[in-house]
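Some notes on the structure that comes next.
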Amino acid sequence: MESNELKTEVEYEKDVRSLIDDFFKDTGTTERWMRTENPLLGGVSPYQMLKWGRGEKLLTFIKNQLAENRLPEPEKIEGVW
């Protein structure tokens, strides 16, 4: 991975965390959400998506969910917590 690509993924993580922090207003809940496997993401966690270079897709998903007010809390994702 080139340094420009790494920087982009780091920026995506920063943007994602900022949106999620603003939504949940709690860093602990944000951290759980980032680590929770999410069926709406194909059964992977947001951290996994970032690790696999899917930051742009994740950010788009989050923005769409927030626009529809449908971002599930970690506790509400079936089979988790």
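A few points about this structure:
- Between Asp26 and any residue 5 or more places off or on another chain, the built amide H atoms are never under 5 Å apart.
- Residues whose amide H comes within less than 5 Å of that of Asn38, counting only those at least five positions distant or on another chain, are Gly43, Val44, Ser45 (H built at 1.01 Å from N in the peptide plane).
Each reported figure results from applying straightforward, stated rules to the coordinates on display, with no laboratory input. Small disclaimer: the values here were computed from a predicted structure and weren't measured.
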